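The values are calculated or read from the model by the stated rules, or taken from the named source; none is laboratory data. Predicted, not measured: the structure shown is a model, and the values here were computed from it. Quick reminder, even Gly has a Cβ in these numbers, built from the backbone with ideal geometry, and neighbours come from all protein chains shown.
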Amino acid sequence: MGEAMYSTKSANQSKALFRGAFILTIAAIVVKILSAFYRIPFQNIVGDIGFYIYQQVYPIYGIAIVLSTTGFPVVISKLYAEQREKGNVDKSRLLLFTSFIYLQLFGFICFLILYFGADIIALWMNDPHLTVLLRVVSIVYLTFPFVSLLRGYYQGIGDMVPTALSQVGEQTIRVLTILLLSYLFMQKGYSLYLVGGGAMFGSITGSMVSSIILFMFLWIRKEWKWIAPSRGMFRTFAVEIKEIFKALTFQGLMICLSGMLLIFIQLADSLNLYSLLTINGMEKGMAKSLKGIFDRGQPLIQLGTVAATSLSLTLVPLITRERLSEKQSNLTDKVQLALKVSIVIGLGASAGLWAIIRPTNIMLFENDLGSTELGILGFVILFTSIILTIIAIMQGLGRLVFPALAVTVSFPIKYGLNMLLVPWCGTKGAAISTIITLAFVTVVLLLKLKKMFSARLASFRSIANVLWATTAMVVFLKGYIWGTDIFMDDFHLERIGAAMQSLSAVFFGGIIFLVIILRGGVFLEQELTLFPLGSRLIHFLARRDRDKHGEKN
């Protein structure tokens, strides 16, 4: 009877874990989609130079978002759950209060560096007018500790709803603030730097709303008594305080660094792309415009990465479960499948975007300027999807340091390659340096993952079929765009015509790619059943694969 009760409790905990992971995954996808989509109307409102101004400062805000969303809340939730499981009420309170002090100190130091060093950073970017924007965004570092702590607390007690609502609420209010203020300021004829400051103010309103949502949960549920510190706890638990500081510094920062891949790439471009263009003789207005055009790639990359990683990352909880159950063969299968999904969707999205980049550029940003550079940047989706999948796998297996180091090294590599390639071929050089950097990080992580698993990570047959599906899709899309160009020119549809071309091309190209992938046997029937709507896709499998699975059953 005791074993049955234990089994039931374990099953309930497992269900709660997966339900919580599902809620956070959905919230993360919604946040990323909002984060990608708002940039399109924003660029349409402020133009390429206005977009350049905003994107120069955005990576600084992006770092704060990672700190408050991934690293620190994850570590706090893990430590709090452990103390709660042991029934250590005083130590769990100590953890929360010590974490709050640590994060406040960390955030205050970041604020001081950014606020008082804003003019130095702006000069590094070769644009002193960015000082005000940097000081505006520095305020976010004063609010993120409170948000991180409460998200960690709620995740630690297994309640993911407050975290999910705070993330979605923060991003929604931030996006609305950006679009509303930028539109109003442009209507009033304010300078583009003031418009950019108004857009950056959205980061403050968003973080305030996130804090209010989390505070409301505390207030309504009257949970202050569970997190308030007890008298004299610092004298009693001096050793434990050191351990908490060590865990937050080591584990928290490692997870944070692992989540900053694209932010580091954008930060390198913010610090030296514009300055390299102007140093090499380009007029400042032209350089700002070219950097803004180059930054059009960010929403495309984000949307593509969300699509490419959302399926593969759903397998990570399964990988963690297989590791805990010590079933090495099942664990290897799940790792192989996660990698396969990231490669298939990543390559399909990258190559498809490259094939239709010109009409897509016109549809979203009014003209086709920078289409060559944006086409190159599209392959960021492939490498990023593989990298993020491997990092999630390694973290699920308890490896934190290596992925953090691999991501961190991307910044100096990208910065150095910019210095080498931008003077030679401008923003195209920046796009190439991004691809080289991400390709290097991908290879390093794959080699490390290969050492962790003796089995082959991908079969030659699968890779050959993926390449064949990609080639067929690209050939079709290029022919489709060429053929419909003639029709669009006759009717002078321009942006509407580009939208019709792009959306229809995505639909037809996606079907061709998917059918060839499924008919080519890249995925087995039992693999497809692990994904949403996977049972519907089984009907597209070649008969021999369906029969083979039927014989096994």
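Brief remarks follow.
- Filtered residue count, the stretch 285-336, keeping only those that are modelled with pLDDT of 75 or more, surrounded by 21 or more Cβ atoms within 10 Å (Cβ to Cβ) and more than 30 Å from residue 373 (Cβ to Cβ): 3
- Residue match in the stretch 96-116 (condition: in a loop (DSSP other than H, G, I, E, B) and either assigned by TED's automatic domain parsing to the domain that holds residue 201 or within 19 Å of residue 253 (Cα to Cα) (or both)): no
Results for (1) farther than 30 Å from residue 369 by Cα; (2) assigned by TED's automatic domain parsing to the domain that holds residue 239; (3) without any contact (Cβ under 8 Å) to a residue 40 or more places away in the chain, shown as yes or no for each residue.
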site	(1), (2), (3)
31	no, yes, no
48	no, yes, no
71	yes, yes, no
86	yes, yes, yes
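- When the criteria are applied in full, residue 451 meets the requirement of being within 30 Å of residue 255 (Cα to Cα), modelled with pLDDT under 90 and in a helix (DSSP H, G or I).
- Any hit, the stretch 386-394, residues being β-branched (Val, Ile, Thr), within 19 Å of residue 273 (Cα to Cα) and part of a helix (DSSP H, G or I): no
- The set of residues in the stretch 139-170 being among the hydrophobic types (A, V, I, L, M, F, W, C) and either under 19 Å from residue 219 (Cβ atoms) or buried (at least 21 other Cβ atoms within 10 Å of the Cβ) (or both) consists of 140, 144, 146, 147, 149, 150, 157, 160, 161, 164, 165.
- Output for the stretch 350-363, where each listed residue is more than 21 Å from the chain's Cα centre (by Cα) and either buried (at least 22 other Cβ atoms within 10 Å of the Cβ) or farther than 21 Å from residue 470 by Cβ (or both): 355, 356, 357, 359, 360, 361, 362, 363
- Residue match in the stretch 496-514 (condition: in contact with a Gly (Cβ under 9 Å, 6 or more places away or on another chain), among the hydrophobic types (A, V, I, L, M, F, W, C) and under 10 Å from residue 356 (Cα atoms)): yes
- Residue count for the stretch 70-99, restricted to those that are closer than 21 Å to residue 140 by Cα and touching an Asp or Glu at 6+ places or on another chain (Cβ under 9 Å): 1
- Condition check for residue 458: in contact with a helix residue (DSSP H, G or I) (Cβ under 8 Å, 6 or more places away or on another chain), in a helix (DSSP H, G or I), under 24 Å from residue 307 (Cβ atoms) and among the small types (Gly, Ala, Ser): no
- Among the residues of the stretch 183-202, those that are assigned to a helix (DSSP H, G or I) and either in contact with a Cys (Cβ under 6 Å, 6 or more places away or on another chain) or closer than 16 Å to residue 130 by Cα (or both) comprise 192, 193, 194, 195, 196, 197, 198, 199, 200, 201.
- Residue in the stretch 81-90 that is assigned to a helix (DSSP H, G or I), modelled with pLDDT under 90 and buried (at least 19 other Cβ atoms within 10 Å of the Cβ) present: yes
- Inter-residue pairs, beta-carbon under 6 Å, first hydroxyl-bearing (Ser, Thr, Tyr) and in the stretch 394-421, second assigned to a helix (DSSP H, G or I), 6+ apart: 408/257; 410/264; 410/437; 410/441; 415/268
- Residue that is more than 30 Å from residue 510 (Cβ to Cβ) and either surrounded by fewer than 18 Cβ atoms within 10 Å (Cβ to Cβ) or β-branched (Val, Ile, Thr) (or both), where the choices are 453, 487: 453
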